[in-house]
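These notes are about the structure you will find just below.
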Amino acid sequence: MVSLISFLAVLLIFFSIDVRSRESAASQPWHAHLFEWASRVGGIAAALALTLGWVDLFLPDERSPIHVALVAGPGSVAVLCAIVLGLEMLWQRDSSDAGS
């Protein structure tokens, strides 16, 4: 569980940096909005999974109210959002890069 919490903390830092570097504008194409929302949803999911995992770490093991699925669900959403943001590199190229 500790390694999962560490991974989720790194994802949360990644999403925090990504969200702060984005500029919101209504005139952006649809995929820019998709990537912006993927960053927001991924950050929220990573924060939720990290919080649940951290609380579960300090609860007694017998009859813990936090099941592993409660951590894995939002954690999986965060990983999927990170994959979507990785695909953003295919869409978001500078027009100067396309000519070379």
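The values are calculated or read from the model by the stated rules, or taken from the named source; none is laboratory data. This structure is a prediction, so every number in the text was calculated from the model and none was measured. Here the Cβ positions follow ideal geometry from the backbone for every residue, glycine too, while neighbour counts run over all protein chains shown. The accessibility values were calculated without ligands, DNA or RNA, using every heavy atom of the protein model including side chains. Shrake-Rupley method; radii C 1.70, N 1.55, O 1.52, S 1.80 Å.
Structure data summary
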item: Probe 1.4 Å, protein heavy atoms only - accessible area per residue of the chain in square angstrom; result: 68
item: For the chain: relative contact order, % (alpha-carbon pairs under 8 angstrom, 6 or more apart); result: 35
item: The chain, accessible surface, carbon-and-sulfur percent (1.4 angstrom probe); result: 68
item: Which of F7, F15 is most accessible, then next, and so on - probe 1.4 Å; result: F7, F15
item: Solvent-accessible surface ranking, highest first, for I83, I66 at 1.4 angstrom; result: I83, I66
item: Phi to ³J(HN,Hα) by Karplus 6.51 cos²θ - 1.76 cosθ + 1.60 over the stretch 18-32, Hz, x for Gly, Pro; result: 5, 5, 6, 8, 8, 10, 7, 8, 6, 8, 6, x, 4, 6, 5
item: Longest exposed-site-free window of the chain, the sites being trypsin sites (Lys or Arg not before Pro) in a DSSP loop that have at most 10 other C-beta atoms within 10 Å; result: 1-62
item: 222 nm mean residue ellipticity, helices alone, for the chain (DSSP H n ≥ 4; -39,500 (n - 2.57); rounded to 500); result: -26000 deg cm²/dmol
item: The chain: Rg to Rh, with Rh as the Kirkwood radius over Cα pairs; result: 1.12
